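Have a look at the structure below before the remarks.
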Amino acid sequence: IILNKPDAGGVLRVALSPDAHAYKSDVGCTLISVPATGRLVTATFENVKIGTCAVKVFHDINSDNELNTSWIGWPKEPYGFSNDAPVNMGPPSYKLAMINVKEGENPVRISLR
C-alpha cells in the first residue's frame with residue numbers, strides 16, 4: 001500500500017529489489033507501474049520468493065519514466081522506500097529498506113515524501 005498525494009496525476013513506478021545489488025542498480029528488479037489515483041494505491045507483486053527484498057517507489061507525475069531531480073540530484077517527484085527507510089544525502093541502504101517475505105500475503109506500507 002502506497003500513501004499517495006492525490007490529484008497529481010501520473011503513475012507510481014514500483015521496484016521490487018531481490019538483493020542489495022539489484023537495489024542499487026535496478027538490474028534484476030521486478031518493475032510495475034500503477035495509476036496514481038487516490039490517497040491509497042495498491043501495487044501487487046506476484047510470486048515473490050520467501051526471504052528478503054526491498055521495495056522502492058516514485059510518483060512519476062509527468063509520466064516520463066524517470067525520477068526527475070534538481071541540478072544537485074535531489075528528487076523533484078515524490079518517492080519512498082519499504083520500512084519508510086530514512087533518507088540522508090541519498091537513498092537509504094538496502095539493509096534499512098529490507099523486508100522479510102514469508103509465506104502468504106506480505107503487505108508493505110510506504111509513505112511518499
The chain - accessible surface per residue (Å², probe 1.4 Å) | 62
For PHE45 and VAL87 in the same chain, what is the full-extension length gain: residue separation times 0.36 nm, less their Cα-Cα distance, in nm?
-> 12.7 nm
Share of the chain's accessible area from carbon and sulfur, percent, 1.4 Å?
-> 55
With the chain reduced to its Cα atoms and the Debye formula applied, log10 I(q)/I(0) at q = 0.10, 0.18, 0.22, 0.24 1/Å amounts to -0.26, -0.89, -1.34, -1.55
Please sort by residue number the chymotrypsin sites (Phe, Trp or Tyr not before Pro) in the stretch 1-107 whose DSSP state is loop and whose Cβ has at most 14 other Cβ atoms within 10 Å.
-> TRP71
Build a GNM of the chain with springs between Cα atoms under 10 Å: which of ASN100, ASN62, ASN83 gets the top mean-square fluctuation?
-> ASN100
The chain: relative contact order as a whole-number percent, Cα under 8 Å and 6+ apart = 31
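The values are calculated or read from the model by the stated rules, or taken from the named source; none is laboratory data. Predicted model only: the values in this text are computed from it and were never measured. All Cβ positions, glycine included, derive from the backbone under ideal geometry; neighbour counts span all protein chains shown. These area figures cover heavy atoms from the full protein model, side chains too; ligands, DNA and RNA do not enter into them. Shrake-Rupley method; radii C 1.70, N 1.55, O 1.52, S 1.80 Å.
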